[in-house]
Amino acid sequence: MTCLPSTTQKKLGLVIDLDTCVGCHGCVTACKGWNTQNYGAPLSDMDPYGADPSGTFLNRVFSYEVTPEDGAAQTVHFPKSCLHCEDAPCVTVCPTGASYKREEDGIVLVDEDKCIGCGLCAWSCAYGARELDQDAGVMKKCTLCVDRIYNENLPEEDRVPACVRTCPSGARHFGDLGDPNSDVSKLVEERGGFDLMPEQGTKPVNKYLPPRLKDRLDTAPMIPVAEEPKGFLGWLDKALEKL
């Protein structure tokens, strides 16, 4: 069995803002593209153009209709991938040592050369964040794009996970959650960030920011419109009425 490090130098992870996520699946597409083209074996698709297509994805977005006790009903888009837990059961159940947590940054990874595809890590993950690549025969999971974040050949602004770089609404944030002075830690503190399913005791590094309540339906027009045109437009309106 694989042992977890007693401590990690950093806790790199994601902070996802459920208030600004629009469910566009841009993060899903970027993740699929980057990891298929650059990391390990490609993320395979089975019968992609057939009647029953399936494939391997490291990030998925789920959408829910929510009716809070106070406030209007709303749709919440919920992205989910590996949360790089501090107490990761997917690591400790691995019989070959393929699944491991890095001491230097806390990222949970899979050594594909050691993975035998037994599926124990997937069964132990409370979040369903691991998927067996049927073509490669090994487990795949979010890597926080380790081949991007440390790649000095990339511009500095690109040294973040592909999902973060591509998010059009700025709902995804990346940084060291072990540093209380980091931007992501401050964001969690200011917005009341929370763990997903804390009762599992896995201590996920990734955090979520809660959606704000929509207390009313905003039906006001985006641009104020005068009840009666004035000035040149008023003259033009009256002139056209006479035609």
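Table: residues versus (1) modelled with pLDDT of 95 or more; (2) closer than 14 Å to residue 143 by Cα.
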residue: 34; (1), (2): no, yes
residue: 43; (1), (2): no, yes
residue: 52; (1), (2): no, no
residue: 79; (1), (2): yes, no
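Does residue 160 count as within 23 Å of residue 29 (Cβ to Cβ) and either touching a Leu at 6+ places or on another chain (Cβ under 8 Å) or open to solvent by 40 Å² or more (accessible area, probe 1.4 Å) (or both)? For residue 160, the condition - within 23 Å of residue 29 (Cβ to Cβ) and either touching a Leu at 6+ places or on another chain (Cβ under 8 Å) or open to solvent by 40 Å² or more (accessible area, probe 1.4 Å) (or both) - is not met.
If you go through the stretch 6-18, how many residues are open to solvent by 20 Å² or more (accessible area, probe 1.4 Å) and within 25 Å of the chain's Cα centre (by Cα)?
Number of matching residues: 5.
Tell me which residues, restricted to the stretch 61-85, are touching a Lys or Arg at 6+ places or on another chain (Cβ under 7 Å) and buried (at least 19 other Cβ atoms within 10 Å of the Cβ). Answer for the stretch 61-85, where residues must be touching a Lys or Arg at 6+ places or on another chain (Cβ under 7 Å) and buried (at least 19 other Cβ atoms within 10 Å of the Cβ): 82, 85.
Which of the following residues is over 16 Å from the mean Cα position of the chain (by Cα), at pLDDT below 95 and closer than 25 Å to residue 19 by Cα: 214, 186, 203?
214
Listed conditions (1) more than 21 Å from residue 208 (Cα to Cα); (2) buried (at least 16 other Cβ atoms within 10 Å of the Cβ) are all met by residue 33, apart from (2). For the stretch 161-192, a residue qualifies if it is in a loop (DSSP other than H, G, I, E, B), out of contact with any Pro (no Cβ under 8 Å at 6 or more places or on another chain) and more than 17 Å from residue 142 (Cβ to Cβ), and the qualifying residues are 168, 169, 170, 178, 179, 180, 181, 182.
The values are calculated or read from the model by the stated rules, or taken from the named source; none is laboratory data. Just so it is clear, the structure is predicted and the values come from calculations on it, not from any experiment. Cβ atoms come from the backbone with ideal geometry, glycine included; neighbour counts cover every protein chain shown. Ligands, DNA and RNA are stripped out before the accessible areas are found, and what is left, the full protein with its side chains, is counted by its heavy atoms. Shrake-Rupley method; radii C 1.70, N 1.55, O 1.52, S 1.80 Å.
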